[in-house]
Amino acid sequence: MAKNFAMVNKMKKIKVIIIRTAGTNCDYELKSAFELCGATVDRVHINELISSKNKILSYDVLAVPGGFSYGDDIASGKILSNEIKYKLGDNVKKFALSGKPIIGICNGFQILVKMGLLPKPENFEQISTLSYNDSNKFECRWVHLKTEKKNNDRTLCLWTRDLPDVISLPVAHGEGKFVADKKILDDIEKNNQVVFRYCDKNGKDTVYPQDPNGSLNAIAGVCNKKGNVFGLMPHPERYIYALQHPSREGYDGVYGWGKKIFQNAIDYLK
Amino acid sequence: MKVNTIEILNLNDKQLVELSRKSVLSLSLVEMKEVQKYFRNIKRNPTDVELETIAQTWSEHCKHKTLTGNIEYTEEKGGKKKVTKYKNLLKETIFNATMKLNKDWCISVFKDNAGVIDFDKTNGVAFKVETHNHPSALEPYGGSATGIGGVIRDILGVGLGAKPLANTDVFCFGLPDTKSSEVPEGMHHPKRIAKGVVSGVRDYGNRMGIPTVNGGVFFDKGYMANPLVYCGTMGIIPKNMSEKEVKPGDLVLVVGGRTGRDGIHGATFSSVELDKESDVSAVQIGNPIVEKKVLDTMLKARDLKLYRAVTDCGAGGLSSAAGELGEKTGLVIQLEKVPLKYKGLAPWEIWISEAQERMVFAVPPKNKNKILNLFKKENVEATFIGKFTNDGKLLLKYGNEVVANMEMSFLHGGVPKPTRKAVWKQKPIKKQSPVKVSAKTLQEDIKKVLADINVCSRDWIIRQYDHEVQGQTVVKPLQGSSITNSGPQDAAVIWPYTVVKGTKKGIVLSNGINPEYGKVDTYKMTASSIEEAMRNAVCVGADPEKISLLDNFCWGNPNKPEILGSLVRASQAAYDLSLGYGVPFISGKDSLYNEYTIDGKTYSIPPAFLVSSMSVIEDVNKTITMDLKNAGNSIYLIGITKNELGASVYSKVKNFKNGIVPDLDVKVSKKIMKTIFSAINEGLLESCHDCSEGGLITSISEMAFAGDKGVNINADAIKTSEKMTIAETLFSESNTRFIVEVSPENVVKFEKMFKGIVVSKIGEVSNDKLLKLESKKSKISVKENIKNLQKAWQKTLQW
Amino acid sequence: MIFEIEIKTKKGFVDPQGLHTVSDIAGIGIKDISSVDYVAVYRINGNITGKQADVVAKELLSDKITEDYTIKQYNSLDDKKLDKNSIEVWYKHGVTDTVSESVVKAIKDLGIKEDLVVKTGKKYCLKGKNIDDKKLKKIATGLLANTLIQEYLIK
């Protein structure tokens, strides 16, 4: 299963940066996922990035992993999103607008949304949020996700191309309810920026607990209009092998559908 | 800073006892006299720092005086008395078995902060389970949070530090529907305790990024005033880093949280009975993010080989941590250098505070700046506070003032051994009268048992824990055929692919606990708990000969001979079973004095022996889960069913007075578990689940609704040791039984493999989502939708 | 100067913590509490201006989409007046307040360099029939505050 680990892309080595700080938790499995897809990966502490501000621009892919940055004190992702915005904001915005792939998973999604890099990096202002789950508790479970393909039968998001109509991924969060004003929400929908929605196994609407948080329009993941900046509450990095699925489903015998998401970003850059 | 000299040289016995009580030293008269003797010899009175240091070092929590002390044990059986004398119960039973077994895959046992066994050629895996009962009774959230925080530090502090991969937690709580008026004044309601404890483990464990993958909850009114909170952590460590050695001249570095008044007297406090006025400062508050930063940075420092030894500040604080590291060398500490949360701490408070998230390192002087920089880069506070010497002395200074100066040999070897009496009397036990039920009652009883508070789904708890973080949990605490069905998985499997690149190996974690049996006989309880932990591991594919065990005793007051007697019996069972199975205990812990006095009446907890098991498996791809897979497959019951309803869930639900508590035949058990292991290894089983609380019908129901499949069961096919009624057969909790699912193409191979073992072919898997049960002999036929069974199982614990 | 910044869910959005508290109150056998508004309170003690406090409230402590903030200012805590039918819960002196450490760091990230002392508290605003002191005390001690480490304030 891990024999492909050393798979080397001879054409070009894609460089991925994973930003971490106190309370970052999902950085090792995220690193493994990108490495499995042939990238070289650095886990870099926020202090180091702030002290050499241009370092971030030397990378091809930017990933903000899950966890509890600074304990999620005040609100999840809030302190790190401010820290990045106030101390590293220009370069992060530049990275996003250059069209290079950016992914924020769980806490990373919360951070991208709260600094305003999603859903509209051009404005770089917070216009949506991830609020407390309706159940008022942390929820760890596998959920079904509908892959939105309204963009001429393919996804707008470069990260989610060629996925089946419904995939499953685990969620693990207490603040994952996507909320925005109706106008913003309509905009996101109109632009096909919704990437994943919570659904039942057939792709139909669902209720708690399969919709774990009560998100507006059952939104589990969104991207920007260009499709390079992607944020989602579920954890694709926890499903890179079929073995990680509760009933060990996957593709090509060994892989989980989460792997495809990281592969898409690497393939896009080749 | 104020240091007091305490008058001890001229005190009489009564005054010595009073001094111990007044200063919360928790030292006995014999111990106080030993202290007096030492200071009479050196012709001066001790300082408060010295006295507090002795109390911490000699505390039950740190020294385990009862289990390592002298015990005179009298056993009364059939009118005959037999006396056995132990000089060190732990060494002569549990530890002795481990020594006799002498497994070459054991790397470090009973000497460090955790037990360590082989994972592969280059790595070992470490496991430790701790208890944090008293603090959790007072402040459930903070108590359990610091419990999990503490055991994680045990793993960080084993050898040169292991990387935590998984947490486990087992709780014993009072009954959640207890009337408020029945809760003693000054205590929290059991439901409030339970909710607080779960939140504490959730918030700390989740923030640490360590998945909580295995555990259990047991409810009983006996734990109302004194809940039990067991927290465990498993981690992985390069084998060449599994030892530590301090050299004279090394510097003492304290890293992580600041020191405050938190948890002063925590170590001595845990050997005091709880009462209304229990000490406020014994409560600790945890900050997981500080500990996470320590984890991230210290493993870097470890890999750069910047230090020679590390241990955590647990009970007794710096006094224990630095004291342990410097036991062989001696050390000098400048207490004023210890970073404080706020001003005003006396030197003795700095030295024994149990403020959380602190680790102590021994650093060679040449690495001084390197290690400081490494911590500083990620905002981790690290401060040098002293030096290891070679004079065998504990020298504590505050500025220029010497505040303590004692021999390490006295501190660590001077505690006098108490002698305690222990007794056990065999009680006559009768079978219950034959249990006869109608089909309708039986159908209701199946659901009642599934809904029982000690059987029902724990998903409300489990799903609040991130059990998937790190992405390595390949067998999860709740398993099911699709992501919307789930049943209780016997054991968890961790596949550490992010740490050990390319590995196929996995680590199986499971546990066994059943205090209900201990109310009748702690020997049987211990034996059953050990087998249960092993059964659970075997169910997913662990090799029963490669299992390692951890013991955790939570008992009442050992000064009472009957209570100590039941503890001796449990230890004997652990010894017998460990040798019988050939599975070693690698670490353990005890928490005694779990009792509570109210209105002059003392309530002691039901004794609880938690067994936690860890084993390494060769190929995670071969592991299986408990949910039924395919219609048309055969269902077998492995093992014989005996008339053993004593202390069972069914007996509790039906209010039976009598009943035999399950026995255990190690030889049979060993053979069965070994054969199941072979069958899983050869791919002959589709699913496997053990029979425990609630009996075989509970296990079958769980497998059915987890797999979203129906079952047709022929109750007459179940092999029993004697003539039993259908209810007795279905709900008996006899040990050494498994339900397995076999596909048609494997039936012949399977039956051949199990020749010589009691196996009953009891039915098959169907697609109609019904549990159908037939007994022609008893003229009973039951039909129930599996969704109803699942509902019954899930509804009880949804807070 | 002391600022107390209160963060509350905006009208029209779900306040799950408040809703949960309602059912928890019923769970300990107290009837007639129909709604609870949950309010997070940050007490900032130090030399900052009202404008700076507003930046902290807006940029850090509240969520722009779902939460409102109000800022109260005191020269001394003695001037503070408690709301009717509300329970405030604060850590006792000397008990580690982990969130406060994060808030101090995050305020520095905003470019406010003054040394500040921060305490965090929780406020529950209750609505319902027959709310009296006895009921409030019972809710406070039986559910919201552990008096071993926290103190509760009612009017």
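Taking each of A:LYS146/B:LYS783; B:LYS33/B:LYS247; B:LYS221/B:LYS427; A:LYS120/C:LYS11 in turn, the alpha-carbon distance tops 30 angstrom for A:LYS146/B:LYS783; B:LYS33/B:LYS247.
Counting only protein heavy atoms, what percent of the accessible surface of the stretch B:370-454 is carbon or sulfur at a 1.4 Å probe?
On the way: 2320 of 4600 Å².
For the stretch B:370-454, the apolar C and S fraction of the accessible surface comes to 51 percent.
Springs between Cα atoms under 10 Å define the GNM used for chain C, and in it the highest mean-square fluctuation of C:VAL117, C:VAL22, C:VAL14 occurs at C:VAL14. In this structure the stretch C:2-153 gives 48 Å² per residue of accessible area when probed at 1.4 Å with all protein chains present. In the stretch A:56-72, the residues that give up 20 Å² or more of accessible area when the other protein chains are added, compared with the chain on its own (1.4 Å probe), are A:PHE68, A:TYR70, A:GLY71. Once the partner protein chains are put back, the stretch B:343-384 shows a loss of at least 50 square angstrom of accessible area, versus the chain by itself, at B:GLU378 (probe 1.4 Å, ligands and nucleic acids excluded).
Computed with a 1.4 Å probe over protein heavy atoms only, the accessible surface of chain B comes to 34 Å² per residue. Converting phi to 3J(HN,Hα) with the Karplus coefficients 6.51, -1.76 and 1.60 and the offset θ = phi - 60°, the stretch B:194-209 yields 4, 5, x, 5, 4, 5, x, 5, 4, 5, 6, x, 4, 5, 6, x Hz in sequence order, with x at every glycine or proline. Where a ≥ b ≥ c are the square roots of the eigenvalues of the C-alpha gyration tensor, would you call chain A rounded, which needs a/c under 1.5, or, failing that, prolate if a/b is larger than b/c, or oblate? Rounded is the answer for chain A, as its axis ratio a/c remains below 1.5.
Ordered from highest to lowest accessible area with the whole protein assembly present and a 1.4 Å probe, A:HIS235, C:HIS93 read as C:HIS93, A:HIS235.
Here is the link list: B:LYS163/C:LYS105; C:LYS31/C:LYS122; B:LYS244/C:LYS105; B:LYS179/B:LYS292. Which ones come out longer than 30 Å on Cα distance? Let's see the in-between values first.
Numbers: B:LYS163/C:LYS105 28 Å; C:LYS31/C:LYS122 22 Å; B:LYS244/C:LYS105 36 Å; B:LYS179/B:LYS292 40 Å.
Over 30 Å apart, Cα to Cα: B:LYS244/C:LYS105; B:LYS179/B:LYS292.
Protein heavy-atom accessible surface, 1.4 Å probe, per residue over the stretch A:13-269: 30 Å². Surface calculation, 1.4 Å probe, protein heavy atoms: B:CYS172 sits at approximately 0 Å² accessible.
How big is the charge dipole of the protein assembly as shown about its Cα centre, in debye rounded to the nearest 20, if each Lys and Arg gets +1 on its Cβ and each Asp and Glu gets -1 on its Cβ?
Details: 174 positive and 144 negative charges, 205 e Å.
Value, rounded to 20: 980 debye.
What percent do you get for the relative contact order of the stretch A:13-269 when only Cα pairs under 8 Å and 6+ apart count?
For the stretch A:13-269, the relative contact order is 19 percent.
Tell me the carbon and sulfur percent of the accessible area for the stretch B:685-763, rounded to whole percent, probe radius 1.4 Å.
Details: 1150 of 2330 Å².
Roughly 49 percent, rounded to a whole number.
Could you tell me the total accessible area buried at the B-A interface, probe 1.4 Å, in square angstrom to the nearest hundred?
Working: alone 29710 and 11560 Å², together 37820 Å².
Interface area, both chains combined: 3400 Å², rounded to the nearest 100.
Starting from the Kirkwood Rh over alpha-carbon pairs, what translational D in µm² s⁻¹ does the protein assembly as shown have by Stokes-Einstein at 4 °C and 1.567 mPa s?
Values: Rh = 31.5 Å.
Answer, rounded: 41 µm²/s.
Report the antiparallel proportion of the DSSP beta bridges in the stretch B:315-469 as a percent, rounded to a multiple of 5. Intermediate results must be reported in sequence, preceding the final value.
On the way: 9 of 13 bridges.
Taking every DSSP beta bridge within the stretch B:315-469, about 70 percent pair in antiparallel fashion.
The charge dipole of the stretch C:11-129, taken about the Cα centre with unit charges on the Cβ atoms of Lys, Arg (+1) and Asp, Glu (-1), comes to about 240 debye, rounded to the nearest 20. Note: relative contact order over chain C, using C-alpha pairs below 8 Å and six or more positions apart, is 35 percent. DSSP beta bridges fully contained in the stretch A:13-269 are about 60 percent antiparallel.
If we sort B:43-51, B:536-544, A:104-112, B:513-521 on the protection proxy, mean other Cβ atoms within 10 Å, highest first, what's the order?
On the way: B:43-51: 20.4, B:536-544: 27.6, A:104-112: 29.2, B:513-521: 22.8.
The peptides rank, most packed first, as A:104-112, B:536-544, B:513-521, B:43-51.
Taking every residue in B:475-484 and counting other chain Cβ atoms within 10 Å of its Cβ, the average works out to 5.
Going down the table (B:LYS723/B:LYS772; B:LYS65/B:LYS642; B:LYS103/B:LYS761), which pairs top 30 Å between alpha carbons? List each step's numbers first, then the result.
Values: B:LYS723/B:LYS772 23 Å; B:LYS65/B:LYS642 40 Å; B:LYS103/B:LYS761 37 Å.
The pairs that break the limit, which is 30 Å between Cα atoms, are B:LYS65/B:LYS642; B:LYS103/B:LYS761.
Interface of B with C. Using a 1.4 Å probe and counting protein heavy atoms only, the two chains hide about 1100 Å² of accessible surface, both sides summed. Interface of C with A. Using a 1.4 Å probe and counting protein heavy atoms only, the two chains hide about 1900 Å² of accessible surface, both sides summed.
Of all lysines in the structure, the ones whose alpha carbon falls short of 23 Å from that of B:LYS2, not counting any fewer than 8 places away in one chain, are B:LYS22, B:LYS43, B:LYS337, B:LYS341, B:LYS343, B:LYS393, B:LYS397. In percent, rounded to a whole number, the relative contact order of the stretch C:7-87 is 37, using alpha-carbon pairs under 8 Å and six or more apart.
Of the solvent-accessible surface of chain A, computed with a 1.4 Å probe over protein heavy atoms with every protein chain present, carbon and sulfur atoms account for 49 percent.
Within a Cβ distance under 13 Å of B:LEU16, other residues only, what is the Lys/Arg minus Asp/Glu net charge?
Numbers: positive: B:LYS14, B:ARG21, B:LYS22, B:LYS33, B:LYS37, B:ARG40; negative: B:GLU7, B:ASP13, B:GLU18, B:GLU31, B:GLU34.
Net charge around B:LEU16: +1.
Backbone geometry of the stretch B:449-466 corresponds, through the Karplus equation with coefficients 6.51, -1.76 and 1.60 at θ = phi - 60°, to 3J(HN,Hα) couplings of 5, 4, 8, 4, 4, 9, 10, 4, 4, 9, 4, 4, 7, 4, 6, 7, 9, 6 Hz, x marking Gly and Pro.
Compared with its chain on its own, the stretch C:15-46 contains the following residues whose accessible area drops by 30 Å² or more in the full protein assembly (probe 1.4 Å; ligands, DNA and RNA excluded): C:PRO16, C:HIS20. Need one word for chain B: rounded, prolate or oblate. Basis is the Cα gyration tensor (sqrt eigenvalues a ≥ b ≥ c); a/c below 1.5 gives rounded, then a/b vs b/c decides. It is prolate, given that a/c is not under 1.5 and a/b is the larger ratio.
Each Lys and Arg Cβ is given +1 and each Asp and Glu Cβ -1; about its Cα centre, the stretch B:647-799 then shows a dipole of about 360 debye. Taking the charge dipole of chain A about its Cα centre, with +1 at Lys and Arg Cβ atoms and -1 at Asp and Glu Cβ atoms, the residue from A:ILE240, A:LEU36, A:HIS173 reaching farthest to the positive side is A:LEU36.
The values are calculated or read from the model by the stated rules, or taken from the named source; none is laboratory data. Since the structure is predicted, the reported quantities are computational estimates derived from the model, not experimental observations. Methodologically, a virtual Cβ is constructed for each residue, glycine included, from the backbone with ideal geometry; neighbour enumeration extends over all protein chains shown. Quick note on the areas: whole protein, heavy atoms, side chains included, nothing else; ligands and nucleic acids left out. Shrake-Rupley method; radii C 1.70, N 1.55, O 1.52, S 1.80 Å.
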